[in-house]
Amino acid sequence: MTGFLAGLAIRDTAGFVAGVLFLLVGLAAIGVSGGYPVGTLLHMGPGYFPVVLGALLVIIGVASMVRAVAVTTVTPDTAAVRIALQPLLVVGAAVLVFAGGIDRIGLIPSVFATALLACMAGPKPKLLEGGLIAAALSAMAAGIFFYGLKLPFTLF
Amino acid sequence: MDLFAHLATGFGVALTPDNFLYCLLGATLGTLVGVLPGIGPLTTIAMLLPLTFKMTPVASLIMLSGIYYGAHHAGSTTAIMLNTPGDPSSLVICLDGHPMARQGRAGPALCIAAFGSFFAGSFGVLLMALFSPPLAGVALRFAAPEYACLVLVALIATVVLARGRFLLNVGMSVLGLLLGTVGTDIESGTMRFTFGSPNLADGINFIIIAVGVFAFAEVISNLGRDRIGRTPAAPLRSLWPRRSDLAAAWKPILRGTVLGSALGLLPGTGPMVSSFAAYSLERQLAKDRSRFGNGAIEGVAGPEAANNAAAITHFIPMLTLGIPAGAAMALMLGAMLVQGIAPGPRMISEHPDVFWGLLASMWLGNLMLLVLNLPLVGIWIRLLTIPYRILVPAILVFCCIGVYSVNNSSFDVVLAAGFGVLGYAFSMLRCQPMPLIVGFILGPVLEQSLRRALLLSRGDLATFVMRPISLTLLIFAAGLILYAALSWYRDGRRQALPGVR
């Protein structure tokens, strides 16, 4: 991917990728909402507004891509960026663990697992510290949300 | 006089023990979370939102707005003491506030900032009390065409005036509008973009998007940085400013207050642009410009007053027109909808206790901040030493519980995770999430009012230019676009404010 972009001599990679993203979402929106009744300007159907928005996104996407290729100077603003893969995956996983656990194993175990996992998102994770934080947060969550605010959770 | 009767009602509501406590709690929590490293006001609001679900509408709004301005004010404290702006709007406070602190004058800087804020906040509240009812009165006469044009102006102002690149902002705004169409179409009952999932039939709750693109994305990008830049706290000796400080600061405070109050009303500008504008204004007016950047008290007083005045007047379009002027206001609007209150021209007359109670509590909250911040500044500074890795699990857990408890749906939590990844991608691609969330909130309003307006006019687009108010709004929109085009032309690829991205 990087080689391909370098071949096109795109200096503003971020702008280009954003353009591609807009273009794809726009096309998908037109594709999906084209299936709804579009209607006329007088009687807009449920598809009218999304189709117009999709078309706008396509235009904006193409414009961003053209602009990204046309840029000649590299400013710090357009320089390439490094993706924080580990935090991305660990934070994502921690949230998904909560989503998967909350209806099955209850509030306390879900919070504990999520917090423990979240402690591993940083550069040098410490297991014992993570366990303590997770335990403290579980107690706090139960105290505030279950006993305090009386939200309908099951504890275990 | 009507105003006094209304203010009396408001203070009556705000001073009941419960509401007073919630105001104090909100301001304290806002300050507390606001000074924590790497948590901005938006994340703070999104994170603490679920705490207010079970409260009465007034109490929850009072607490949320307390959190909002508490977090705002905390930003300038950290800017002065540690050169770390808590939020973008206190970025400029660093420029002169921190040098002052380095020179051992942190106390006067904090004190002037706090008093400037309080003065500006009080002025903002007064403006709100004076002008909201007449503005709502005008807005009451708005019909569908006016609403469509108003939303259009708000969206255009947001993409033109928000930081970041114009084209990408437009893209984000349209993406937000598109996300707003997910769910059941009110007029035809058609399920749009639900892909057969009943979980999406009611649309996406804004809290899911807010938590994803603000809180989760912020956590990921903070962790991705090598470390959160942190300098040791500056020493804090005497809090009290000298007589010469006061003499130098009172005019900038006045100017900042007026400037901020005006800019806060415009969608997309808000506190951040106001504080930058006030800073450059003070620099322009100064006899000796070289003092700026080396601890000029004017550089703290003006922007901080502007920042806080704008933070208050920011509420006016949201409360009177139902048009949020920024991301934080979009969150507040969403929170009000959760409570069953639709902000808009009818709110002041239909829920006077909510409007005036909120207004009175804002003034009380600003007073509390004055009391909270100055004597307790030592405690807040100590909070800054909490390592970020300890905060991460707490942020995630609070956000997960919050998102889940909106609908008791674990699907929402999965969706929020997805928006978190998307939000992180946006921050990598330098796309601002603000136009997206404003577009998302305003999208349904725009679509409904467009449809209704065109139905009433039998499909004739001329309806928008034939009505005086909507014509005025359209001219305003055209002016904004012209302004954007001119500044695009003037500085090539770079947009508006130098140094702000």
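The values are calculated or read from the model by the stated rules, or taken from the named source; none is laboratory data. In this text the structure is predicted, and so the values were computed from the model without any measurement. A quick note on method: Cβ atoms are made from the backbone with ideal geometry, for glycine too, and the neighbour counts reach across all protein chains shown. Note: accessible area is taken over every heavy atom of the protein model, side chains too, but ligands, DNA and RNA are not part of it. Shrake-Rupley method; radii C 1.70, N 1.55, O 1.52, S 1.80 Å.
For region B:73-112, a residue qualifies if it is touching a Pro at 6+ places or on another chain (Cβ under 6 Å), free of Cβ contacts under 8 Å to residues at least 40 places away in the same chain and surrounded by fewer than 24 Cβ atoms within 10 Å (Cβ to Cβ), and exactly one does: B:C94.
Among the residues of region B:141-152, those that are farther than 10 Å from B:I323 by Cα and in contact with a helix residue (DSSP H, G or I) (Cβ under 6 Å, 6 or more places away or on another chain) comprise B:A144, B:P145, B:E146, B:A148, B:C149, B:L152. For region B:160-167, the count of residues that are without any contact (Cβ under 8 Å) to a residue 24 or more places away in the chain, in contact with an Asp or Glu (Cβ under 9 Å, 6 or more places away or on another chain) and basic (K, R) is zero.
Taken over region B:184-202, the residue count meeting the criterion of being without any contact (Cβ under 8 Å) to a residue 40 or more places away in the chain and either assigned to a strand (DSSP E or B) or within 13 Å of chain A (Cβ to nearest Cβ) (or both) is 12.
Of the residues making up region B:444-466, just one is touching a helix residue (DSSP H, G or I) at 6+ places or on another chain (Cβ under 6 Å) and open to solvent by 80 Å² or more (accessible area, probe 1.4 Å), namely B:R452.
How many of the residues making up region A:141-152 are open to solvent by less than 20 Å² (accessible area, probe 1.4 Å) and in a loop (DSSP other than H, G, I, E, B)? Show your work before the answer.
Let us first name the residues in region A:141-152 that are open to solvent by less than 20 Å² (accessible area, probe 1.4 Å), namely A:141-142, A:145, A:151.
Those still in the list that are in a loop (DSSP other than H, G, I, E, B) too: A:151.
Qualifying residue count, region A:141-152: 1.
Against the conditions (1) over 30 Å from B:A106 (Cβ atoms); (2) open to solvent by 10 Å² or more (accessible area, probe 1.4 Å); (3) in contact (Cβ under 8 Å) with a residue 40 or more places away in the chain, B:T52 satisfies every one except (2). Looking across region B:78-113, the residues that are within 24 Å of B:M434 (Cα to Cα) and part of a helix (DSSP H, G or I) come down to B:T78, B:A79, B:P88, B:S89, B:S90, B:L91, B:V92, B:I93, B:C94. Looking at B:V421, B:V392, just one residue is open to solvent by less than 20 Å² (accessible area, probe 1.4 Å), over 18 Å from B:M63 (Cα atoms) and facing another protein chain (nearest Cβ under 9 Å), and that residue is B:V392. Cβ-Cβ distances below 9 Å connect the following pairs, each with a first residue in region B:460-477 that is within 14 Å of another protein chain (Cβ to nearest Cβ), a second residue that is surrounded by fewer than 16 Cβ atoms within 10 Å (Cβ to Cβ) and not in a loop (DSSP other than H, G, I, E, B), and a separation of six or more residues or different chains: B:D460/B:M466; B:T463/B:L456; B:F464/B:L471.
Has region B:158-168 got any residue that is within 10 Å of chain A (Cβ to nearest Cβ), over 30 Å from B:V273 (Cα atoms) and not in a loop (DSSP other than H, G, I, E, B)?
If we filter region B:158-168 for residues that are within 10 Å of chain A (Cβ to nearest Cβ), which is where we start, we get B:164-165, B:167-168.
Those left that are additionally over 30 Å from B:V273 (Cα atoms): none.
Scanning region B:158-168 turns up no residue that is within 10 Å of chain A (Cβ to nearest Cβ), over 30 Å from B:V273 (Cα atoms) and not in a loop (DSSP other than H, G, I, E, B).
Just give me the residues in region A:20-53 being touching a helix residue (DSSP H, G or I) at 6+ places or on another chain (Cβ under 9 Å), open to solvent by less than 20 Å² (accessible area, probe 1.4 Å) and at the interface with chain B (Cβ under 7 Å from one of its Cβ atoms), in sequence order. Before you say what the answer is, go through the steps one by one.
From region A:20-53, those touching a helix residue (DSSP H, G or I) at 6+ places or on another chain (Cβ under 9 Å) are A:20-34, A:36-44, A:46-51, A:53; that's our starting set.
Okay, now just the ones that are also open to solvent by less than 20 Å² (accessible area, probe 1.4 Å), so A:22, A:26, A:29, A:33, A:46-47, A:49-50, A:53.
Selection gives A:F22, A:A29, A:S33, A:P46, A:F49, A:P50, A:L53.
Tell me, please, whether a residue that is more than 24 Å from the chain's Cα centre (by Cα) and either more than 10 Å from chain B (Cβ to nearest Cβ) or crowded, with 20+ Cβ neighbours inside 10 Å (or both) can be found in region A:88-105. Yes, there is a match, as at least one residue in region A:88-105 is more than 24 Å from the chain's Cα centre (by Cα) and either more than 10 Å from chain B (Cβ to nearest Cβ) or crowded, with 20+ Cβ neighbours inside 10 Å (or both).
Screening B:Q432, B:Q339 for residues that are open to solvent by 20 Å² or more (accessible area, probe 1.4 Å) and more than 14 Å from chain A (Cβ to nearest Cβ) leaves exactly one candidate, B:Q339. Taking the numbered list (1) over 30 Å from A:V20 (Cβ atoms); (2) in contact with a Leu (Cβ under 9 Å, 6 or more places away or on another chain) in turn, B:T472 passes all entries but (2).
Looking across region A:49-72, the residues that are of a type outside the set (A, V, I, L, M, F, W, C) and without any contact (Cβ under 8 Å) to a residue 60 or more places away in the chain come down to A:P50, A:G54, A:G61, A:S64, A:R67. The single residue among B:V413, B:V397 that is within 11 Å of chain A (Cβ to nearest Cβ) and in contact with a Cys (Cβ under 6 Å, 6 or more places away or on another chain) turns out to be B:V413.
Looking at the structure I just gave you, is B:L358 assigned to a helix (DSSP H, G or I) and modelled with pLDDT under 85? Steps first, answer last, please.
Numbers: assigned to a helix (DSSP H, G or I): yes; modelled with pLDDT under 85: no.
In short, no.
May I ask you to say which residue of A:L149, A:L127 is over 22 Å from the mean Cα position of the chain (by Cα) and at the interface with another protein chain (Cβ under 7 Å from one of its Cβ atoms)? Give the steps one after another, and end with the answer.
Details: A:L127 fails: at the interface with another protein chain (Cβ under 7 Å from one of its Cβ atoms).
Just a single option satisfies the conditions, and that option is A:L149.
Residue check: B:L442 meets all listed conditions (1) under 23 Å from B:T194 (Cβ atoms); (2) within 9 Å of another protein chain (Cβ to nearest Cβ) but one, namely (2). Residues in region A:118-138 that are touching a residue at least 12 places away in the same chain (Cβ under 8 Å), surrounded by fewer than 23 Cβ atoms within 10 Å (Cβ to Cβ), hydrophobic (A, V, I, L, M, F, W, C) and part of a helix (DSSP H, G or I): A:A134, A:A135.
Somewhere in region B:172-181, is a residue part of a loop (DSSP other than H, G, I, E, B) and open to solvent by 20 Å² or more (accessible area, probe 1.4 Å)? So far as region B:172-181 goes, no, none of its residues is part of a loop (DSSP other than H, G, I, E, B) and open to solvent by 20 Å² or more (accessible area, probe 1.4 Å).
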